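Accompanying notes for the structure given below.
Bear in mind that the values in this text are calculations on the coordinates, not laboratory data. As the structure is a computational prediction, the values presented were derived from the model and not from experiment. Reconstructed Cβ throughout: ideal geometry from the backbone, glycine too, with neighbour counts over all protein chains shown.
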Amino acid sequence: MMEVITNEAGDIKLNDTLLPGTFIRMEVGGKLRFDEKDVPGSSGKRKQPLGYEDAEITLSIRLLTDDNSDCYEKLDVLTSLFHNIDNSAKPYVYRIVNRHVTKWNIREVLFSELRTSETNQDNTIEAALSFVEYKPALVEAEAKAYIPPTNSNVVIPDKTTEVSQVTMADFKKADYNTYSSMGDLKKSEYIDSPAIDDD
């Protein structure tokens, strides 16, 4: 069985793979993103905050040699994760699971850097791992927000509108999908003509 990080708070999973090794240190950092603009009549620049840069995670772990595997076999796990690519031959985006990282609201990362070192003092390897927060590009929703028609005669029902209040004339003036989405009404529920008061 592969040795895992001993400190529960230091457990890190990339997708379903628990990183091997003994936890040493983790650091998570983030910062604001600015746009600098020249100020007329001044030699300085004004900083306009635009949002946040992608957060960065650095992790130090020690890969040990034990009865189950040596430090080089454990290193195989890390290098395989680092060199992993997706179907488009691009660096793989991992879902990251860790208590510390979760508090930063970081869910997906790119494995951006891997450095390892060893000495002649023992059979261990120290590994430094770096990750960059991955935020997928926002996709514009196909369904656009509904804009009420300018014709005041068109009745747009909401959730509280009675079916009997909606006439076929109204239905023809407004898109059926609008009625369906806003009132959860079926086409068969619309009446053919306005109700006529016998009085």
Regarding residue 117, is this residue surrounded by 10 or more Cβ atoms within 10 Å (Cβ to Cβ) and of a type in the set (S, T, N, Q)?
no
How many residues are more than 19 Å from residue 24 (Cβ to Cβ) and without any contact (Cβ under 8 Å) to a residue 12 or more places away in the chain when one looks only at the stretch 83-127?
11
Could you check how many residues of the stretch 23-47 are over 23 Å from residue 133 (Cα atoms), assigned to a strand (DSSP E or B) and touching a Lys or Arg at 6+ places or on another chain (Cβ under 7 Å)?
5
Which of the residues belonging to the stretch 67-82 are in contact (Cβ under 8 Å) with a residue 40 or more places away in the chain and hydroxyl-bearing (Ser, Thr, Tyr)?
69, 72
Among the residues of the stretch 16-72, what is the count of those that are exposed (fewer than 11 other Cβ atoms within 10 Å of the Cβ) and of a type in the set (Val, Ile, Thr)?
1
Kindly provide the set of residues from the stretch 54-97 that are within 27 Å of residue 136 (Cα to Cα) and of a type in the set (A, V, I, L, M), ordered by number.
55, 57, 59, 77, 78, 81, 85, 89, 93, 96, 97
Among what's in the stretch 48-72 and is assigned to a strand (DSSP E or B) and β-branched (Val, Ile, Thr), pick the residue that is nearest to residue 118 (Cα to Cα).
61
